[in-house]
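The values are calculated or read from the model by the stated rules, or taken from the named source; none is laboratory data. Since the structure is predicted, the reported quantities are computational estimates derived from the model, not experimental observations. Cβ coordinates were reconstructed from backbone atoms using ideal geometry, including for glycine residues, and neighbour counts include every protein chain displayed. The area values use the complete protein model at the heavy-atom level, side chains included, leaving out ligands, DNA and RNA. Shrake-Rupley method; radii C 1.70, N 1.55, O 1.52, S 1.80 Å.
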Amino acid sequence: MLSKKKTLELLDVIADMYPDAECELNYRNPFDLTIAVLLSAQCTDATVNRVTASLFEKYHTPADYLNVPLEELMTDIRSIGLYRNKAKNIQALCRILLDEYDGQVPKEHAQLVKLPGVGRKTANVVVSVAFGVPALAVDTHVERVSKRLGICRWKDNVTEVETTLCRQVPRERWTKTHHQLIFFGRYHCTAKNPKCNVCPLLSDCREGKKRKKVIIGDE
């Protein structure tokens, strides 16, 4: 794995490429954001935004999601992957919010991860984007880029990737780094056909050098 100094050098390049990176999910409040991130699991933000454009017009509060049959909610999010389980989780989550949190999304990470359908990644996004608490959520883009650049090990699970990144990156940069890594992975270092030939990090990227079949310096 890379040193902290080298890690920050690479992240600085990515930051220069995407200085304005931010959450691309559409939402009005912390509750909407929680629903949107829950829906985004194994699904693109673009697809989620298409669905929530009408979903958020129909549903405004936790009670709204509980005032319809589960089958109706499933139909409303049918174009989202895993829509059956997600609909069940949304209604279970809304019930807990009403019963335990006066209908409000809790601000504490430990409380968020206990909600149905809300894993560590979702909780990190909510606390950082909705409440301004530094967090570094690891999604498929963050994981892929971190491993390709050698910041993390290929065998690391998402929790280990998060731990490594949080150790290497100053806390005040966690949230911004999360968004910048996502943009880099979504628009440049894509899963298929990454733009290695025009990548400013090619000389430091083990995946890029493998793809380009070049040897740059001593490894």
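Here the spin labels are modelled as points 7 Å beyond Cα on the Cα-Cβ line, and at residue 114 and residue 53 they lie 3.8 nm apart. Note on residue 61/residue 160: beta-carbon distance plugged into 1/(1 + (r/R0)^6) with R0 of 30 Å gives a FRET efficiency of 0.20. Each other residue within a Cβ distance under 15 Å of residue 94 adds +1 if Lys or Arg and -1 if Asp or Glu, for a net charge of -2.
Do the sum for the chain: with -39,500 (n - 2.57) for every DSSP H run of n ≥ 4, divided by all residues, what is the mean residue ellipticity at 222 nm, to the nearest 500 deg cm²/dmol? Mind dumping the intermediate values first?
Numbers: 12 runs with 119 residues, N = 219.
Rounded to the nearest 500, it is -16000 deg cm²/dmol.
Legend: calculated FRET efficiency, residue 195 to residue 133, from the Cβ-Cβ distance at R0 = 35 Å, rounded to 0.05, equals 0.60.
Which order, highest average first, do 179-186, 105-112 follow once you tally other Cβ atoms within 10 Å for each residue and take the mean per peptide?
Values: 179-186: 23.8, 105-112: 16.5.
Averaged packing, sorted descending, gives the order 179-186, 105-112.
Treating each Cα of region 79-219 as one equal point scatterer and applying the Debye formula with no solvent, the log10 of I(q)/I(0) at q = 0.09, 0.10, 0.18 Å⁻¹ comes out as -0.36, -0.44, -1.06. The residues of the chain present an accessible area of 51 Å² per residue when probed at 1.4 Å with all protein chains retained. Normalising the average separation of contacting C-alpha pairs (under 8 angstrom, six or more residues apart) by the number of residues puts the relative contact order of the chain at 22 percent. Just the protein heavy atoms count here, and of the accessible area of region 30-131 at 1.4 Å, carbon and sulfur take up 48 percent. For a paramagnetic label modelled on residue 102 (point 7 Å from Cα along Cα→Cβ), amide N atoms under 19 Å away belong, within region 110-145, to 111-112, 131.
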